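What follows is a set of notes on a single structure, which appears directly below.
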Amino acid sequence: MSSLLAKYLIEERGIRKDKVDHLLQKAKESGERLDSALVESGMLAESEMLQFYASQLGLPFEEDLARYKPNPRFADRVPVGFARNYNLVGLDEIAGILRVATCRPLDLYPMDELAGLLRQPIEPVLAPRVEINELINRTYAQKTEVSDEVERELEAEGMLESELEFDAKTDILNIATAAPIIKLVNTIFSQALRMRASDIHVQPSEHKLQVRYRVDGVLYDVMTPSKKLQDAIIARIKVMGRMDIAERRLPQDGRASIKMGDAEIDLRISTVPTNFGERAVIRILEKTTKEFRLSDIGFLKDHEEMFNTYLEYSNGIILLTGPTGSGKTTTLYAAIGNINRPDINILTIEDPIEYQMPGASQVEVNEKKGLTFARALRSFVRQDPDVILVGEIRDLETGQIAIQSALTGHLVFSTLHTNDAPSTVTRLVDLGVEPFLVSSSVICVVAQRLVRRICKECKQEYVPDDRQLKGFDLTLDDIENGHLWQGRGCEACFKTGYTGRTAIHEILPISERIKQQIVEKLPAGEIKRWAVQEGGMLTLRKDGVRKAMLGMTTLQEVATITQRDTF
């Protein structure tokens with residue numbers, strides 16, 4: 001093969017024969033192969049070298065492996081060390097033959113060994129080394145070899161002994177700032193971002209440490225580092241969050257900012273002591289200037305038109321309600337984005353600032369320094385605002401100031417934690433706000449939940465049974481074409497059938513009749529009954545059913561997230 005390569009260089013590339021001969025002699029003396037010497041000398045690019053081999057050996061060449069998904073069988077049967085050492089990674093399987101990417105087609109030993117490990121025939125595919133390494137990283141993203149490697153490195157340095165207990169702050173700090181631990185924690189964060197996780201849980205038990213990610217609202221076990229690394233991992237997370245690493249008997253909160261590629265990531269860190277050691281939960285907030293649109297986050301056309309009507313008001317309060325993590329803040333940003341113009345002064349007070357909003361002045365709560373929602377809101381009135389966003393109404397003082405701001409000519413957006421839209425207005429009254437102030441200031445309430453979207457890669461039709469439809473007061477005649485959709489489960493969606501989330505909504509306009517009901521202090525159930533039966537309000541469950549019929553989500557997901565409507 002070396003002679004053929006030399007002939008190609010001279011005849012096809014026009015390189016002088018004496019130069020090629022010199023390189024051949026040098027490679028022979030050093031024991032290095034000609035192809036390696038050519039690439040290292042810069043005489044031939046790796047991709048061109050691989051294309052030459054592909055033409056001579058009759059093998060396929062793939063310059064980009066980004067389209068290939070991690071092969072779970074390859075990850076299960078082939079040690080990561082073997083894959084990295086020989087630059088081999090599984091691609092796809094065709095007729096029982098596994099195609100394997102390699103950048104060294106003349107190395108026969110590793111291919112024979114690989115066939116033995118996999119216990120099936122393999123077919124080599126030529127690809128650049130950098131592409132192979134990237135796919136190796138993705139393939140082994142959920143394996144624990146990285147934690148095993150960290151443990152070995154620390155033990156080799158005498159920093160991790162089986163009976164070691166951290167009593168002194170300096171001992172903990174030494175290990176928390178050791179390169180292997182930093183590498184492991186960075187791997188946990190980078191993998192979480194690749195999986196689109198919103199939260200990372202580092203959860204200790206009696207005999208192991210479990211790392212879990214919340215993806216699309218569901219927790220997944222992804223890594224089990226050695227129990228020996230528990231204190232070091234928690235300490236490293238605390239160091240990042242500027243927390244007291246020596247205090248392990250009290251809960252602590254911290255914040256950190258990291259950069260992953262081009263993305264700026266904010267981390268909100270919380271630790272609590274448990275009977276098996278400290279547990280940490282990290283909320284991931286990606287800083288972005290992305291502009292959201294209501295249609296992109298789940299508003300169907302009729303709901304979007306209804307909501308936009310209230311966005312045109314010059315004063316009043318628009319409230320978003322739902323549990324933590326239900327996308328309320330994203331909806332608020334989308335709403336304000338609809339009215340964000342150069343002639344409008346927009347001020348926000350948030351905890352924390354989740355997205356950068358061009359054209360708005362954003363303030364972050366800092367309770368340690370006395371900057372609360374109420375204090376910031378009080379000062380906002382003197383900043384000549386047109387629109388005010390208050391991250392959350394947590395107490396009577398914030399609620400009263402928000403209402404006074406609305407009554408004095410400002411459009412105010414805020415959130416509350418209630419189960420549905422009608423409960424929101426009664427919640428304000430429960431906080432101590434006078435009913436007549438609530439009825440005269442609140443103009444619209446939107447309740448929201450997030451449901452998982454059906455995976456586009458494995459979406460398929462099915463015919464629901466009567467028992468399933470009965471829980472939604474539906475029959476097959478109510479379903480267009482007589483079928484719904486569900487995800488079969490594939491590698492892209494981690495076998496769940498879902499990828500990403502969308503929102504379902506319940507919009508309650510504060511009509512004159514509802515204003516009267518608020519003043520009369522009617523219970524939320526009475527308000528909801530009238531809003532649905534007389535006002536035409538679609539409940540969360542009904543909006544979820546609409547989106548299931550459109551193929552956006554499934555009835556099972558809607559049933560999990562919402563309660564059956566009873567009036």
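Observations
- Within the range 524-567, being aliphatic (A, V, I, L, M) and either in contact with a His (Cβ under 7 Å, 6 or more places away or on another chain) or in a helix (DSSP H, G or I) (or both) holds for Ala524, Ile527, Ala531, Val532, Leu540, Val545, Ala548, Met549, Leu555, Val558, Ala559, Ile561.
- Which numbered condition Gly500 fails, given (1) open to solvent by 10 Å² or more (accessible area, probe 1.4 Å); (2) in contact (Cβ under 8 Å) with a residue 24 or more places away in the chain; (3) at negative phi; (4) touching a strand residue (DSSP E or B) at 6+ places or on another chain (Cβ under 7 Å): (3)
- Qualifying positions in the range 383-400 - open to solvent by 10 Å² or more (accessible area, probe 1.4 Å) and part of a helix (DSSP H, G or I): Gln383, Leu396, Glu397, Gln400
- Of the candidates Ile318, Ile344, Ile349, the single residue that is in a strand (DSSP E or B), over 27 Å from the mean Cα position of the chain (by Cα) and either closer than 21 Å to Ser511 by Cα or at pLDDT below 95 (or both) is Ile318.
- Residues in the range 512-523 that are of a type in the set (D, E, K, R) and part of a helix (DSSP H, G or I) were compared, and the one that is nearest to Pro422 (Cα to Cα) is Lys515.
- Annotation note: Cβ proximity below 7 Å between a residue of the range 292-306 that is in contact (Cβ under 8 Å) with a residue 60 or more places away in the chain and a residue that is surrounded by 17 or more Cβ atoms within 10 Å (Cβ to Cβ) and in a loop (DSSP other than H, G, I, E, B) (sequence gap 6+ or interchain) occurs for Ile297/Gly327.
- Residue in the range 239-247 that is in contact (Cβ under 8 Å) with a residue 60 or more places away in the chain, open to solvent by less than 20 Å² (accessible area, probe 1.4 Å) and not charged (D, E, K, R) present: yes
- Scoring Cys444 on the criteria (1) touching a Pro at 6+ places or on another chain (Cβ under 8 Å); (2) part of a helix (DSSP H, G or I); (3) within 30 Å of Met552 (Cβ to Cβ); (4) of a type in the set (A, V, I, L, M, F, W, C) leaves a single failure, condition (2).
- Residue match in the range 541-557 (condition: more than 26 Å from the chain's Cα centre (by Cα) and open to solvent by 80 Å² or more (accessible area, probe 1.4 Å)): yes
- Check on Lys521, basic (Lys, Arg), out of contact with any His (no Cβ under 9 Å at 6 or more places or on another chain) and open to solvent by 70 Å² or more (accessible area, probe 1.4 Å): yes
- Filtered residues of the range 426-436 (kept if assigned to a helix (DSSP H, G or I) and either open to solvent by 40 Å² or more (accessible area, probe 1.4 Å) or closer than 17 Å to Tyr313 by Cβ (or both)): Arg427, Asp430, Phe436
- Any strands (runs of 3 or more DSSP E) falling wholly within the range 80-145 and containing at least 2 residues that are surrounded by fewer than 17 Cβ atoms within 10 Å (Cβ to Cβ) and at pLDDT 80 or above: 88-94
- Check on Asp473, acidic (Asp, Glu) and exposed (fewer than 15 other Cβ atoms within 10 Å of the Cβ): yes
The values are calculated or read from the model by the stated rules, or taken from the named source; none is laboratory data. Being a predicted model, the structure only gives us computed values, none of them experimental. In this analysis, Cβ positions are derived from the backbone assuming ideal geometry, glycine residues included, and neighbour counts consider all displayed protein chains. Heads up: the accessible areas ignore ligands, DNA and RNA and are worked out on the full protein's heavy atoms, side chains in. Shrake-Rupley method; radii C 1.70, N 1.55, O 1.52, S 1.80 Å.
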